[in-house]
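The structure appears right after this line, and notes come after that.
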Amino acid sequence: LGVSNLNRVAQVVEMPVTKTIMVPVQSAVQQMPVQQQMYMPVNYNQELRGVGIKFGERIDPRSGGMRVYVKRLVKGGPADLAQQIQPGDTLQLINGEDVYGLGLDLLRERIPGPAGTRVRLGFRTMDNRFYEVELQRSAYG
């Protein structure tokens, strides 16, 4: 899908812009082959910080929901320094809430928060092991 189609899919929200990142749009991803992804800008207020995780998403063929997984860690970010999270791990919980099946369009605002605050994330590894890690927000991503 080109930029003109993206403009039809994305809704613009007026916010102070200090950092723009790209995240997949769940509705567009569901209509596209798995090999393609479409991204739209997400604007974060300068006060919000992440934990240094870049996520991806795929449709889970068993549930029909979205599987949000770790694509990569930002070197030196909180997630990288925790030395537990690995690319391929699937996000299951945010602060004790089961988020499996929800797409990035719904989750992208739940992990970032004010710098210095903490967020607890639960993951399932590729060998089906579950773990939780508490991270301090201090980086974008």
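The values are calculated or read from the model by the stated rules, or taken from the named source; none is laboratory data. Owing to the predicted nature of the structure, the values given are computational and were not obtained by experimental measurement. All Cβ positions, even for glycine, are placed from backbone atoms using ideal geometry, and neighbour counts span all protein chains on display. The protein model used for the area step is the full one, side chains on, heavy atoms only, and it has no ligands, DNA or RNA in it. Shrake-Rupley method; radii C 1.70, N 1.55, O 1.52, S 1.80 Å.
Taking the residues in region 124-137 that are among the polar types (S, T, N, Q) and open to solvent by 70 Å² or more (accessible area, probe 1.4 Å) as candidates, determine which candidate is farthest from the chain's Cα centre (by Cα).
Within region 124-137, the subset among the polar types (S, T, N, Q) is 125, 128, 136.
In the following step, the residues that additionally are open to solvent by 70 Å² or more (accessible area, probe 1.4 Å) were identified as 128, 136.
On the way: N128: 20, Q136: 16 Å.
Applying the filter and picking the extreme gives N128.
Could you tell me how many of the residues in region 106-123 are surrounded by 17 or more Cβ atoms within 10 Å (Cβ to Cβ) and farther than 21 Å from V74 by Cβ?
Total meeting the criteria: 0.
Only one residue in G96, G88 is over 13 Å from V51 (Cβ atoms) and either open to solvent by 50 Å² or more (accessible area, probe 1.4 Å) or β-branched (V, I, T) (or both), so which one is that? Don't jump to the end; show me each part of the working.
Values: G88 fails: either open to solvent by 50 Å² or more (accessible area, probe 1.4 Å) or β-branched (V, I, T) (or both).
Just one listed residue meets the conditions, G96.
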